[in-house]
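What follows is a short report on a single structure.
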Amino acid sequence: MKRIDIKKLIKPNIRNLRAYYNAKEIPCRVKLDANESPYGFEINDKILKSIKTNRYPDPEAKNLKKIIAKNLRLNPENILFGNGSDELIYYLITVFDGPVLYPVPTFSMYGIISQALGEKTIEIPLDNDFDLNMEKILTAIKKQKPKLIFLSSPNNPTGNCFSADRILKIVEFTSSLVTCHLSLVVVDEAYQPFSSEKGFLPMLSDYKNLVILRTLSKIGFAGLRVGFMIADREIINEVNKVRLPFNLNSLSQAVAAALIKNPNTIKLHIGLITSERERLLNELWKIRGIKPYPSEANFILFKVKNSDKIYYRLLKKGVLVRNMKGVVNGCLRVTVGTKKENNIFIKALKEVMK
Ligand SMILES: *Cc1c(COP(=O)(O)O)cnc(C)c1O
């Protein structure tokens, strides 16, 4: 074969991209790196038999939409599905103009997808409490006029919710016809089910420029890839133009619909995870040299000296957490697992800290 430099054919903005973190290859005993739920669901034969493999899926996922709308007391017309909320982030940045503003550190996909689609990004550092730095954000809005703003609340990887009044201020500031700083504000509520705050669904009807992202991934269905956005009809219609027609496959639609019909088990799991989170936080506080940050999500960020070394020592003991090197230096992020998994993690951490 002739030697061809494929790189020459690649768009410059893609050439400099790096593929998203992939931990599937790292062997471990306890997997606490990807904010998955430790509790999965069994899929029974009745569900599987309802799936017609030779037919295309329902492009609108009407049945699943109806169930989610009912659970969250929403109008189905305000919901649009993605193959995970990642896909919806992709669609939103495809449809709406840049620049794209988001605080940092935050979920890496806002930056990766912006770069992939050639949109300029505006990264604003969070303040010392990991909250939104309003002065810097409002100045950036005035000067650089972002058309899209992503706010992950609770924020990944810091775990906290941003102050609701600050989020609201941004939504208001960017919806004002007087100041003409119009932007779409996307509040990514991937971790909302674990939070003690009420979130932004109740605000949707007040602000047309507000979009909310939700996902089933963190509550036990990461393998199904079901995310959804909730927004004004007009926004849904625009995003629907770029959505690939069959983005949610039949298996995911049928399984998700059957398993979330009765939300009690999911709620039970969420209760177990949040109470384990508080126990884990307490345990982490007790370990000398560890500084954990409070969390409203299903993971905990903690600071530790020689974080890189600690990460590899934990891995040697079979415990996989997320190394936040380059994102929040000196920090590791641990997903809340089952009681047993958390105990293995705590025991291993105490040993490697000695
Ligand atoms: C995990 C995560 C997502 C991605 O969710 P999927 O529905 O699995 O694509 C989106 N936003 C944040 C902040 C996340 O942490």
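Just so it is clear, none of the values below were taken in a lab; they were calculated from the coordinates. Remember, it's a predicted structure, so these values are computed and weren't measured experimentally. FYI the Cβ positions are ideal-geometry reconstructions off the backbone, even for glycines, and counts take in every protein chain you see.
Using the Cα centre of the range 142-211 as the reference point, and only Cβ charges (+1 on K/R, -1 on D/E), how large is the resulting charge dipole? Debye, rounded to the nearest 20.
Taking the Cα centre of the range 142-211 as origin, the dipole is about 400 debye.
Can you tell me how much longer the chain between Ser50 and Val104 gets when fully stretched, taken as 0.36 nm per residue apart minus their C-alpha distance, in nm with one decimal?
Answer, rounded to one decimal: 15.0 nm.
Using the number of other C-beta atoms within 10 angstrom as an exposure proxy, rank Lys65, Lys7 with the fewest first.
The fewest-first ordering by Cβ neighbours comes to Lys7, Lys65.
Just rank Tyr39, Tyr191, Tyr56, fewest to most, by other beta-carbon atoms within 10 angstrom.
Tyr56, Tyr39, Tyr191
Under 1.5 on a/c is rounded, so check that first for the range 239-319, then, if it is not, pick prolate when a/b is larger than b/c and oblate when it is not; a ≥ b ≥ c are the square roots of the alpha carbon gyration tensor eigenvalues.
Here the range 239-319 falls in the prolate category.
Give me Leu177, Leu72, Leu320 sorted ascending by neighbouring Cβ count inside 10 Å, so fewest comes first.
Least crowded to most crowded, the residues run Leu177, Leu72, Leu320.
Which value, in debye to the nearest 20, describes the size of the charge dipole of the range 54-259 about its Cα centre when Lys and Arg Cβ atoms bear +1, Asp and Glu Cβ atoms bear -1, and nothing else is charged?
480 debye
Give the relative contact order (percent, whole number) for the chain; include only Cα pairs under 8 Å separated by 6+ residues.
23 percent
May I ask which residue of Thr179, Asn264, Val352 lies farthest towards the positive end of the charge dipole of the chain, with charges of +1 (Lys, Arg) and -1 (Asp, Glu) on Cβ and the Cα centre as origin?
The residue sitting farthest along the positive end of the dipole is Val352.
Out of residues 5 or more away from Leu148 or on other chains, whose amide H comes under 5 Å of its own, with H placed 1.01 Å from N in the peptide plane?
Those lying under 5 Å, H to H, from Leu148 are Leu101, Leu184.
Rounded to the nearest 5, what % of the DSSP beta bridges within the chain are antiparallel ones?
Percentage antiparallel, nearest 5: 50.
Which one of Asn83, Asn54, Ser108 is farthest out on the positive end of the charge dipole of the range 54-259, using unit charges on Cβ (Lys, Arg +1; Asp, Glu -1) and the Cα centre as origin?
Working it through, the farthest residue towards the positive pole turns out to be Asn54.
Pull up the DSSP beta bridges for the range 54-259 and report the antiparallel fraction as a percent, rounded to 5.
Here the antiparallel bridges make up roughly 35 percent for the range 54-259.
With θ taken as phi - 60° and the coefficients 6.51, -1.76 and 1.60, list the Karplus ³J(HN,Hα) couplings across the range 283-293 in order, rounded to whole Hz; mark glycine and proline as x.
5, 5, 4, 6, 8, 5, x, 10, 10, x, 9
Under a Cβ-only charge scheme (Lys and Arg +1, Asp and Glu -1), can you give me the dipole magnitude of the chain about the Cα centre, in debye to the nearest 20?
Using only the charged Cβ atoms, the result is roughly 1380 debye.
Between Lys267 and Arg29, what length comes free when the chain is fully extended (0.36 nm per residue of separation minus the Cα-Cα distance, one decimal in nm)?
Net length gain for the segment: 83.0 nm.
Give the residue list of GluC sites (Glu not before Pro) in the range 155-237 that are DSSP loop and have at most 16 other beta-carbon atoms within 10 angstrom.
Glu197
Express in nm, to one decimal, how much length is gained between Leu177 and Lys11 on full extension, taking 0.36 nm for each residue of separation and deducting their alpha carbon distance.
Length difference between fully extended and current span is 56.1 nm.
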